[in-house]
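Have a look at the structure below, then the notes.
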Amino acid sequence: DTGVSQDPRHKITKRGQNVTFRCDPISEHNRLYWYRQTLGQGPEFLTYFQNEAQLEKSRLLSDRFSAERPKGSFSTLEIQRTEQGDSAMYLCASSLYGSTDTQYFGPGTRLTVL
Amino acid sequence: KQEVTQIPAALSVPEGENLVLNCSFADSAIYNLQWFRQDPGKGLTSLLLIQSSQREQTSGRLNASLDKSSGRSTLYIAASQPGDSATYLCATSTIYNQGGKLIFGQGTELSVKP
């Protein structure tokens, strides 16, 4: 197991289009997190799952954002009707709750909205 | 509401120097605290995690300390090398969500000059 993977690594889209990102966590990890990072800032929490259950969603997340983790394994993050302000790095992390709780991050998906 | 602050925002040192990066947090009810490294355009690499009951953790040339009463953590890097150049981020989770979402500081950009 080589760690958390994310696909695609880069996405360029036009304003108003929908985009979907995928995250594959470390296989035995039961928690999966999504964060967003803009240039010069620390990552900002979006949402997280424990197994299939979405336990928390940021109040900053508009209704255009939705995330799923249907079988408690991989997760998808969808952004509908993208806006230029959505341009950012989207980071996924996973952890094993009840063990070390260390969050391990993937390489991120860089989204550019034109 | 948890807030995490890192000072300074940027630091430049000559190779071989020992250095300390600072992190402060507003709410002492933390579950754990993590230090990460981020290279430009990349994801985050976990360096050290300190549980709320611990005072410090060490890994190689890195030593992280935690003082909940003062709301501070420090990351000590011994004998710095050019390869240590990166942005260093600290992040906390709180007891309210038992190690769920991380709240990040804005990071300290470290440059180690040969």
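The listed residues are A:SER66, A:SER73, A:SER62, and the only one of them that is over 21 Å from B:SER46 (Cβ atoms), at pLDDT below 90 and more than 14 Å from chain B (Cβ to nearest Cβ) turns out to be A:SER62. For segment B:62-83, the criterion of being of a type in the set (Asp, Glu), away from chain A (no Cβ under 11 Å) and under 25 Å from A:TYR97 (Cβ atoms) is met by none of the residues. Could you check segment B:1-40 and list, in sequence order, the residues that are basic (Lys, Arg) and within 19 Å of B:GLU56 (Cα to Cα)? If the condition is that a residue be basic (Lys, Arg) and within 19 Å of B:GLU56 (Cα to Cα), then B:ARG37 is the only one that fits.
Here is the figure for segment B:58-84: residues that are surrounded by 17 or more Cβ atoms within 10 Å (Cβ to Cβ), out of contact with any Phe, Trp or Tyr (no Cβ under 8 Å at 6 or more places or on another chain) and small (Gly, Ala, Ser) total 1.
Which members of segment A:82-114 meet the condition of being closer than 23 Å to A:HIS29 by Cβ, among the small types (Gly, Ala, Ser), assigned to a loop (DSSP other than H, G, I, E, B) and more than 8 Å from chain B (Cβ to nearest Cβ)?
Let us first name the residues in segment A:82-114 that are closer than 23 Å to A:HIS29 by Cβ, namely A:89-109.
Pick out the ones that are also among the small types (Gly, Ala, Ser) and you get A:93-95, A:98-99, A:106, A:108.
Applying the additional criterion that residues be assigned to a loop (DSSP other than H, G, I, E, B) yields A:98-99, A:106, A:108.
Across segment A:82-114, the qualifying residues are A:GLY98, A:SER99.
Taking the conditions (1) at negative phi; (2) in contact with a Lys or Arg (Cβ under 8 Å, 6 or more places away or on another chain); (3) crowded, with 21+ Cβ neighbours inside 10 Å in turn, A:GLY108 satisfies each one other than (1). Within segment A:24-59, if we keep just the residues that are in contact with a Lys or Arg (Cβ under 7 Å, 6 or more places away or on another chain) and among the charged types (D, E, K, R), the residue that is farthest from the other protein chains (Cβ to nearest Cβ) turns out to be A:GLU52.
In segment A:16-23, is there at least one residue being in contact with a Gly (Cβ under 9 Å, 6 or more places away or on another chain) and within 12 Å of another protein chain (Cβ to nearest Cβ)? The answer is yes, given that some residue of segment A:16-23 is in contact with a Gly (Cβ under 9 Å, 6 or more places away or on another chain) and within 12 Å of another protein chain (Cβ to nearest Cβ).
Among the candidates B:SER12, B:SER53, which residue alone is exposed (fewer than 13 other Cβ atoms within 10 Å of the Cβ) and modelled with pLDDT under 95?
Working: B:SER12 fails: modelled with pLDDT under 95.
That would be B:SER53, the only listed residue that is exposed (fewer than 13 other Cβ atoms within 10 Å of the Cβ) and modelled with pLDDT under 95.
Screening segment A:1-15 for residues that are within 10 Å of chain B (Cβ to nearest Cβ) and in contact with an Asp or Glu (Cβ under 9 Å, 6 or more places away or on another chain) and picking the one that is farthest from A:LEU32 (Cα to Cα) gives A:GLN6. Restricting the first member to segment B:96-114 and to residues that are farther than 28 Å from A:GLU56 by Cβ, and the second to residues that are β-branched (Val, Ile, Thr) and modelled with pLDDT of 85 or more, the beta-carbon pairs closer than 6 Å and six or more apart or on different chains are B:GLU109/B:THR87; B:VAL112/B:VAL13.
Which of the residues that make up segment A:15-30 are open to solvent by less than 70 Å² (accessible area, probe 1.4 Å) and either over 11 Å from the mean Cα position of the chain (by Cα) or β-branched (Val, Ile, Thr) (or both)?
Of all residues in segment A:15-30, those open to solvent by less than 70 Å² (accessible area, probe 1.4 Å) come to A:16, A:19, A:21, A:23-26, A:29-30.
Answer for segment A:15-30, where residues must be open to solvent by less than 70 Å² (accessible area, probe 1.4 Å) and either over 11 Å from the mean Cα position of the chain (by Cα) or β-branched (Val, Ile, Thr) (or both): A:GLY16, A:VAL19, A:ILE26, A:HIS29, A:ASN30.
Comparison of B:SER70, B:SER80, B:SER65 shows that the only residue that is out of contact with any strand residue (DSSP E or B) (no Cβ under 6 Å at 6 or more places or on another chain) and not in a helix (DSSP H, G or I) is B:SER70.
Residues in segment A:31-73 that are crowded, with 16+ Cβ neighbours inside 10 Å, touching a residue at least 12 places away in the same chain (Cβ under 8 Å) and more than 13 Å from the chain's Cα centre (by Cα): A:GLN50 only.
The values are calculated or read from the model by the stated rules, or taken from the named source; none is laboratory data. Since the structure is predicted, the reported quantities are computational estimates derived from the model, not experimental observations. Neighbour counts run over all protein chains shown; Cβ positions are idealised from the backbone, glycine included. The protein model used for the area step is the full one, side chains on, heavy atoms only, and it has no ligands, DNA or RNA in it. Shrake-Rupley method; radii C 1.70, N 1.55, O 1.52, S 1.80 Å.
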